[in-house]
1. Put a dot 7 Å past each Cα toward the Cβ at residue 72 and residue 54; how far apart are the dots in nm?
2. Specify the angular offset, from 0 to 90 degrees and rounded to the nearest 10, of the alpha carbon long axis of helix 70-79 from the longest principal axis of the alpha carbons in the chain.
3. Over the chain, what is the relative contact order in percent, taking alpha-carbon pairs closer than 8 angstrom and at least six residues apart?
4. Just to confirm a number: summing +1 for Lys and Arg and -1 for Asp and Glu over residues other than residue 72 whose beta-carbon lies under 14 angstrom from that of residue 72, what do you get?
5. Sequence-distant or interchain residues sharing an amide H contact under 5 Å with residue 12, placed H: which?
6. Just to check I understand the Karplus step: with θ = phi - 60° and J = 6.51 cos²θ - 1.76 cosθ + 1.60, what whole-Hz values come out for the range 9-23, glycine and proline as x?
7. What label, among (1) 74; (2) 83; (3) 96, belongs to volume of the Cα convex hull per residue in Å³ computed from the structure on display?
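Here, each number is a calculation from the coordinates, and none is a lab measurement. Because the structure is predicted, anything quoted here is derived from the model rather than measured. As a convention, Cβ positions derive from the backbone with ideal geometry for all residues, glycine included, and neighbour counts pool all protein chains shown.
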Amino acid sequence: MRAKKVIVRTKNGLHMRVANRIIEKIKQSRSRIVFRKGRSDADARSILDLLMLAVAEGSEVEIIVDGGDEETVLRELEAVLIDGAEI
């Protein structure tokens, strides 16, 4: 299991487009992936869970990955939360 804290830099935080990008990035992964904000956890495969975290730009989230492709998943999700979601 690997975890990483990330400051969300995408404009408007973790909104619908960003959540969709996250789900697309992890589609092929068999790892268990959880986003944590404060005391709240969200299954990264659930767009509703991700949106319910109400992550604003500048907020800190922790990405927790448990599985065989932890490093790759962490790197890709960090990129989405920092600058890769602007479409």
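1. Here the answer is 3.6 nm between the modelled labels.
2. Taking Cα atoms only, the helix is inclined about 10 degrees.
3. Values: 164 pairs, mean separation 41.9, N = 87.
Once divided by the residue count of the chain, the mean separation gives 48 percent.
4. Numbers: positive: 2, 4, 25, 27, 30, 75; negative: 66, 69, 70, 71, 76, 78.
Neighbourhood net charge equals 0.
5. Counting only residues 5 or more places away or on other chains, the set is 57.
6. Per-residue couplings from phi come out as 10, 5, 4, 6, x, 8, 9, 4, 5, 5, 4, 5, 4, 4, 4 Hz.
7. (1)
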